[in-house]
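Let me begin by presenting the structure, written as structure tokens, before commenting on it.
Read-outs throughout are calculated quantities, based only on the coordinates presented, and are distinct from any laboratory measurement. Everything numeric in this text was worked out from a predicted model, so none of it was measured. Here the Cβ positions follow ideal geometry from the backbone for every residue, glycine too, while neighbour counts run over all protein chains shown.
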Amino acid sequence: MNMKSMSLTSLIWVVFVDSMGWGIAFSVFATLFLADNFTILPATVSDATRYMIYEFLLAIYSVFMFFFAPVLGGIADRYGRKPGLKISMLGLTLGFVTGALGCYLSNIWLLVVGRIVSGITAGSLSIAQAAAVDISTPKTKAFNLSILMLANCLGFSLGPVLGDLLLNSTFAPLGTTTFLIGAAMSAVGFLAISLFFKETYIPQNKGEKINFIKDFANIKIAFGKPILTNYLVALLFSMVAFGLFFSDIPIFISRIYSEHSSSTGVILSSEAVVFSLTLMFGGRYVFNYFTKTKIVFFTLAIQLISYLVLSLCIDSFLLNIFFFTCISAFTGLMYIALLTLISDVTESDWQGRIMGVVAALSSVTWGVGPLLTGGLNVYGSSIAFIVTTLLVIVALLALSLVKVENKNLELLES
């Protein structure tokens with residue numbers, strides 16, 4: 001295996017492990033706070049409170065990722081991709097270990113600290129994407145980004161399954177073994193980057209100091225650029241809708257189809273696998289026949305219809321699973337198309353920063369989405385899907401403005 005292949009393999013492993021940790025969290029926290037055999041909260045705690053704590057633990061990770069992902073992106077552009085990846089893997093390892101201690105000691109605050117540490121250093125995907133762009137040609141960029149997104153989604157899809165398999169381990173309290181295995185895998189990721197990853201980007205201003213405020217301001221700069229702004233808005237609102245949808249699945253099933261609650265982990269994993277497959281085949285095949293902008297419009301329309309149908313709470317478990325799958329499939333295709341469009345309109349020396357901005361927006365997906373889920377479910381099972389419908393409409397409107405921006409630019413150039 002040559003050095004380039006070893007570097008790519010290291011990137012794939014790092015992205016896989018990082019996203020697997022996110023998938024594990026869904027499974028572990030769902031069992032700890034939503035299942036019948038509660039192990040941390042007293043039996044007297046209400047279901048509404050359990051929903052809120054469950055969603056809070058999912059959201060706190062994303063809140064800190066939002067503030068620090070642009071910083072890690074700035075580090076990757078100033079010092080190279082390798083330092084940023086090593087920081088990410090060290091933080092993930094520490095977050096896993098802290099989460100394992102929280103499960104072992106039945107301490108919610110340790111679980112919170114573990115999620116915060118993991119969120120602060122959750123930049124592996126954005127840095128890996130920047131590294132992939134570094135070594136890509138215009139023709140291979142979408143495929144290389146798809147490979148990393150595939151690793152990301154496969155890790156996320158296997159996370160709930162791994163969590164379910166190890167939750168009932170007799171060696172330690174619920175969740176402890178799961179998090180410790182995650183810590184071991186992330187430690188391997190750190191070693192892989194240290195030993196096998198060859199730096200893909202040599203920064204011009206390597207001596208420039210880290211400036212947290214300046215790096216976070218990259219979000220404002222990105223949203224100030226024509227065309228790029230519309231793509232980012234479309235990505236933000238459509239993915240917040242998906243985050244709300246995905247985090248609502250366990251609650252939706254437990255409320256409407258309680259007899260199928262035991263299959264929640266399998267359903268979450270299946271939807272993540274579908275999302276992964278469309279990422280992979282979208283980047284390799286679909287883009288050869290259709291423009292990326294048309295693909296985004298079409299996939300958003302399918303999501304809109306699916307969310308509307310789910311809001312009706314149709315009394316058919318299989319039919320709802322079908323629309324779950326439609327959303328997962330077309331969201332995956334939409335995401336990789338938008339990500340490629342965003343990279344295409346971004347300067348080469350800003351790829352790390354823009355991927356950090358995208359990661360920050362993705363954190364909003366898994367931050368606002370779960371928080372909305374916890375609050376909206378008070379008003380009934382359909383309200384979450386009504387909100388996702390409205391979010392997708394905003395994404396469609398933002399994307400429609402791209403044509404207007406393009407026409408304005410053409411007029412200026414002429």
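Compute the FRET efficiency between Thr44 and Leu312 as 1/(1 + (r/R0)^6), taking r as their Cβ-Cβ distance and R0 = 35 Å, and round to the nearest 0.05.
Numbers: r = 35 Å, r/R0 = 1.00.
My answer for the efficiency is 0.50.
Give the average over all directions of the projected area of the C-alpha convex hull of the stretch 240-383, one decimal, in nm².
Values: hull surface 36.1 nm².
Mean projected area of the Cα convex hull: 9.0 nm².
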Point-to-point label distance, Phe67-Leu90, nm (Cα→Cβ direction, 7 Å offset): 2.0 nm
Given points 7 Å out from each Cα along the Cα-Cβ axis, report the Ile135 to Ala172 separation in nanometres with one decimal. 3.4 nm
Residue-wise HN-Hα coupling along the stretch 40-47, computed from phi with Karplus coefficients 6.51, -1.76, 1.60 (Hz; x: Gly, Pro): 10, 8, x, 5, 7, 5, 5, 4
The extension gain from Thr9 to Ile221, computed as 0.36 nm times the residue separation minus the Cα-Cα distance, is 73.1 nm
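Work out how much length Ile256 to Ile386 would gain on full extension: take 0.36 nm times their residue separation and subtract the Cα-Cα distance, in nm to one decimal.
On the way: separation 130, 0.36 × 130 = 46.80 nm, distance 1.65 nm.
Roughly 45.2 nm would be gained on extension.
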Ordered by residue, what ³J(HN,Hα) values in Hz, to whole numbers, does the stretch 230-236 give under the Karplus form 6.51 cos²θ - 1.76 cosθ + 1.60, where θ = phi - 60° and Gly and Pro are x? 5, 4, 5, 5, 4, 5, 4
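Would you please give the FRET efficiency between Trp109 and Ile305, computed as 1/(1 + (r/R0)^6) with r the Cβ-Cβ distance and R0 = 41 Å, to the nearest 0.05?
Numbers: r = 43 Å, r/R0 = 1.05.
Given R0 = 41 Å and the Cβ-Cβ separation, E is 0.45.
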